Amino acid sequence: MSTAKKEYKRITIKTLIDMKSKGEKISMLTAYDYTMAKILDNAGVDIILVGDSASNVMAGHETTLPITLNEMIYHASSVVRAIDRCLVVVDLPFGTYQSDPKEALRSAIRIMKESGGHAVKLEGGKEVKDSIKRILNAGIPVMGHLGLTPQSIYKFGTYTVRAKEEEEAEQLKRDALMLEKTGCFAIVLEKVPAKLAEEVAKSVQIPIIGIGAGSGVDGQVLVTHDMLGMTHEFNPRFLRRYLDMYHEMTNAFENYINDVKSGDFPNEKEQY
Ligand code: KIV
């Protein structure tokens, strides 16, 4: 059992801010369904992110862009039904918050009302400030997301490390301060140099959750299917695999198929 699980009965936004002030690291992983969320919550993860990575992992799309608000609500409500303890953050999908703040608020309200999630996450800095303000004014907590923002993949052109150049790094630092000042309760920082990420984490009071951002931040997030080794073609340097589920599952499926074909399954004890 994780150490945090013993100390905190229920993770709230205040818990996360307290954890940062005490120097306790925050754990975050993705889930898109009831069964995975139940296992994660029981294991003691602090935050479940219903990420728009569901677009890749669950639906097989090449990017996160195609997933819809209805699909995110479906995934998020399955996750919320499973959890007793952790905080559930739900991604606002591409196209549901960028055009104007009123639309952003409508999308966030649908997520909160129809899924029961506890907060929303959206990508971007100063360009989404008004949308963030509008959502926060309605009492909906917002997590920011800076650095590599996969919804802008066609602008970036690649999934390589962001903010290596000074100009982009300076803008990222300004955006982090702006997100904190506007009222975000945490920020995901994706694929940026570790030194920059540490500097950002030190410059704000709210938690910085890193993915490919080194160890100097306040917490870490990974896509659960990647850390379990269920996906095996995605091999970024930052990914630590805790299991080799792709091969474990392939073995199990092959054994089952062989047992069915040979007539070994079911045996006498496995029938009525
Ligand atoms: O959608 C997602 O899973 C994410 C994480 C990679 C942070 O945004």
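The values are calculated or read from the model by the stated rules, or taken from the named source; none is laboratory data. Since the model is a prediction, treat every value here as computed from it, not as a measurement. A quick note on method: Cβ atoms are made from the backbone with ideal geometry, for glycine too, and the neighbour counts reach across all protein chains shown. Side chains included, ligands, DNA and RNA excluded: accessible areas come from the protein's heavy atoms. Shrake-Rupley method; radii C 1.70, N 1.55, O 1.52, S 1.80 Å.
Counting GluC sites (Glu not before Pro) as exposed when in a DSSP loop with at most 10 other beta carbons within 10 Å, what is the longest stretch of the chain free of them? Segment 63-164 is the longest. Taken one residue at a time, the phi angles of the range 65-80 give Karplus couplings (6.51, -1.76, 1.60, θ = phi - 60°) of 5, x, 4, 9, 4, 4, 5, 4, 5, 4, 4, 5, 5, 5, 5, 4 Hz. Gly and Pro are set to x.
Looking at the chain, the accessible area is 52 square angstrom per residue; that uses a 1.4 Å probe and ignores ligands, DNA and RNA. Listed cross-link partners Lys14/Lys164; Lys102/Lys202; Lys129/Lys155; Lys22/Lys113; Lys20/Lys113 are compared with a 27 Å cut-off, the Cα-Cα value being larger for Lys14/Lys164; Lys102/Lys202; Lys22/Lys113; Lys20/Lys113. Over all other residues within a Cβ to Cβ distance under 10 Å of Asp52, the charged ones net out to -2, with Lys and Arg as +1 and Asp and Glu as -1. Based on C-alpha pairs under 8 angstrom that are at least 6 apart in sequence, the range 176-258 has a relative contact order of 20 percent. Under the combined filter of DSSP loop state and at most 13 neighbouring Cβ atoms within 10 Å, the range 146-242 retains these trypsin sites (Lys or Arg not before Pro): Lys164, Arg237, Arg240.
Couplings 3J(HN,Hα) for the range 260-272, derived from phi with the Karplus relation 6.51 cos²θ - 1.76 cosθ + 1.60 (θ = phi - 60°), are 5, 5, 7, x, 5, 10, x, 8, 4, 6, 9, 9, 10 Hz, where x marks Gly and Pro.
In percent, rounded to a whole number, the relative contact order of the chain is 15, using alpha-carbon pairs under 8 Å and six or more apart. The distance separating the Cα centre of the range 93-136 from that of the range 137-165 comes to 14 Å.
Counting only DSSP H runs of at least 4 residues, each contributing -39500 (n - 2.57), and dividing by the residue count of the chain, the helix-based mean residue ellipticity at 222 nm comes to -12500 deg cm²/dmol.
Sites listed here are chymotrypsin sites (Phe, Trp or Tyr not before Pro) in the range 193-261 whose DSSP assignment is loop and whose Cβ has at most 14 other Cβ atoms within 10 Å: Phe234, Tyr242. What percentage of the solvent-accessible surface of the chain, computed with a 1.4 Å probe over protein heavy atoms, is contributed by carbon and sulfur atoms? For the chain, the apolar C and S fraction of the accessible surface comes to 53 percent. Note on the chain: GNM, Cα springs under 10 Å; of Leu239, Leu65, Leu222, the largest mean-square fluctuation is that of Leu239.
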